């Protein structure tokens with residue numbers, strides 16, 4: 001979508017055709033554009049440049065953003081969108097797609113990350129309804145705190161778990177994830193470039209042994225069900 005509004009417009013990368021449909025219907029066409037991604041893009045950490053440039057999803061992404069070829073000096077004046085928002089489901093597959101996109105941006109055009117153009121959308125996991133009121137919760141912890149601290153002990157309520165963004169109605173996706181007045185975005189930043197480079201190589205590279213060692217070392221220390229991500 002060709003929307004040229006410097007410094008104010010959004011470009012959302014929506015993974016999955018159902019996400020694209022809801023996002024396309026719910027967006028504000030004056031300043032938001034959507035690029036649908038069908039499934040997972042190439043892991044460029046394991047791919048040579050020739051295959052990258054032949055990949056349809058990556059070609060569409062490069063063209064839509066106005067990026068040059070790898071190695072060219074980054075020119076902010078050529079960038080067509082100044083908020084590049086990764087919008088994926090809040091599950092394992094969504095996290096994988098997000099990581100593949102971050103790998104692409106980090107390796108292909110790191111200046112986009114360094115200069116603060118890359119964002120991650122934060123959709124809710126739950127909708128809790130009690131009477132005529134409803135609440136969106138973005139983690140298990142937030143939902144449990146809401147029920148424990150805000151509701152009477154015998155309160156009646158219903159909980160809707162969003163398995164994916166495509167399950168949301170366009171108005172829900174707008175209210176929770178896309179509306180600048182109510183949404184939450186996380187800007188992607190690099191605190192330690194050398195460490196970021198090392199981790200991308202370990203986790204996304206083609207060597208299995210370092211990745212297995214990393215997971216065996218750090219995996220048991222993480223309680224993923226208890227994290228607010």
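Rule-based calculations on the coordinates, nothing more; no lab input. Please read all numbers here as calculations on a predicted model, not as lab measurements. Cβ sites come from the backbone with ideal geometry, for glycine too, and all protein chains shown count toward neighbours.
What FRET efficiency comes out for residue 54 versus residue 107 if R0 is 30 angstrom and r is the Cβ-Cβ distance? Round to the nearest 0.05.
On the way: r = 17 Å, r/R0 = 0.56.
With a Förster radius of 30 Å, E is 0.95.
Quick check on packing: order 49-56, 118-125, 81-88 by the mean number of other C-beta atoms within 10 Å, highest mean leading.
Output ranking for 49-56, 118-125, 81-88: 81-88, 118-125, 49-56.
I'd like to compare 109-117, 151-159: which one has the highest average count of other Cβ atoms within 10 Å, and what's the full order after that?
Top to bottom by mean Cβ count within 10 Å: 109-117, 151-159.
Taking the Cα-to-Cβ direction at residue 161 and at residue 184 and moving 7 Å from each Cα, how far apart do the two end points lie in nm?
1.9 nm
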